[in-house]
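Working notes, structure below.
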Amino acid sequence: MFSDTFLAAFYQKNAGSITVSAEQASSFAKDIANDFNPIHNPEHKRFCVPGDLLFALSLGQYGLREKMSFSFEGMVGKAVNLKFPESTDTGFELYDDNDKHYLNVSVEGKTHHGDADIEAFIRSYVAFSGLNFLEVLVPLMAEHQMMINPVRPLVIYDSMSFELESFDIGTPELVLDKTEFDINGKRGDLKLYFDILNNGNKVGTGFKTLILSGLRPFNQEQMDSLVAGYVATQQAA
């Protein structure tokens, strides 16, 4: 289970399962994904392992498939024993010792197990994710004049899907194509569509869905303060 890749620094093997410490989860979020969502800080009351790390571990275990869809069913807390069962032709689920399910993955097509290609794909995807807040969310909230709670900001990673035309992805780059932002009261569902490029040529497409909770009327002063705090944390890491 799991080849000896850069992911080895972000989990421990534990008798047929793996665990991710709060420190490892936070390190992956900040150092690999450039993600400074406070919910990934070890001391946060609602701490959870980044969805991007669960995504990365899934690729590390099962390989890269031509079509993959990831649906998050729950937030993984500190030092949860995660089970990675045998994959089937249609997919797999991640769950813990109490049979609580956290991630459902649907797959289609051929499988690729090249460690270098998988690492390149993981790094490119999480780098794209790391840009979501400042480069995508903040401008969209300003455009729609709605914002998350500046005191307890909560943005949840709901799902992601992608489709590759081939595994000849080189050093891929994910580029935002378009967005869809549906607001219903205090909840916002944001879908980010992206293209996967290799040397400027499209080799795949995908989308990511985020849930924004506790929406309220946009306040520029509060948003400026939220962004300043985010940037300060980013620069201090």
Residue separation between residue 135 and residue 45 times 0.36 nm, minus their alpha-carbon distance, gives in nm 29.7 nm
Residues residue 199 and residue 108, FRET efficiency given R0 of 22 Å [Cβ-Cβ distance, rounded to 0.05]:
0.30
For the chain, calculated [θ]222 nm from helices alone, where every DSSP H run of n ≥ 4 adds -39500 (n - 2.57):
-7500 deg cm²/dmol
With an 8 Å Cα cut-off and a minimum separation of 6 or more residues, compute the relative contact order for the chain in percent.
18 percent
Listed here are the pairs 78/208; 30/110; 30/208; which of them are more than 27 Å apart at the Cα?
30/110
Using Stokes-Einstein with the Kirkwood hydrodynamic radius over Cα pairs, what translational diffusion coefficient do you get for the stretch 46-106 at 37 °C and a viscosity of 0.692 mPa s, in µm²/s rounded to a whole number?
277 µm²/s
Burial ordering of 65, 152, fewest other beta-carbon atoms within 10 Å first
152, 65
Size of electric dipole in the chain: Cβ of Lys, Arg +1 and of Asp, Glu -1, about Cα centre, debye, nearest 20
700 debye
Can you grab the distance from the C-alpha centre of the stretch 44-75 to the C-alpha centre of the stretch 113-164, Å, no decimals?
13 Å
Listing 90, 233 by rising number of other beta-carbon atoms within 10 angstrom, fewest first, gives 90, 233
How charged is the neighbourhood of residue 181? Take every other residue with its Cβ under 10 Å from the Cβ of residue 181, and add Lys/Arg as +1 and Asp/Glu as -1.
-3
Counting only Cα atoms, I'd like the Rg/Rh figure for the chain, Kirkwood definition for Rh.
0.95
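Any read-out appearing in this document is the output of simple, stated calculations on the displayed coordinates, not a laboratory observation. Keep in mind it's a predicted model, so treat the numbers as computed, not measured. FYI the Cβ positions are ideal-geometry reconstructions off the backbone, even for glycines, and counts take in every protein chain you see.
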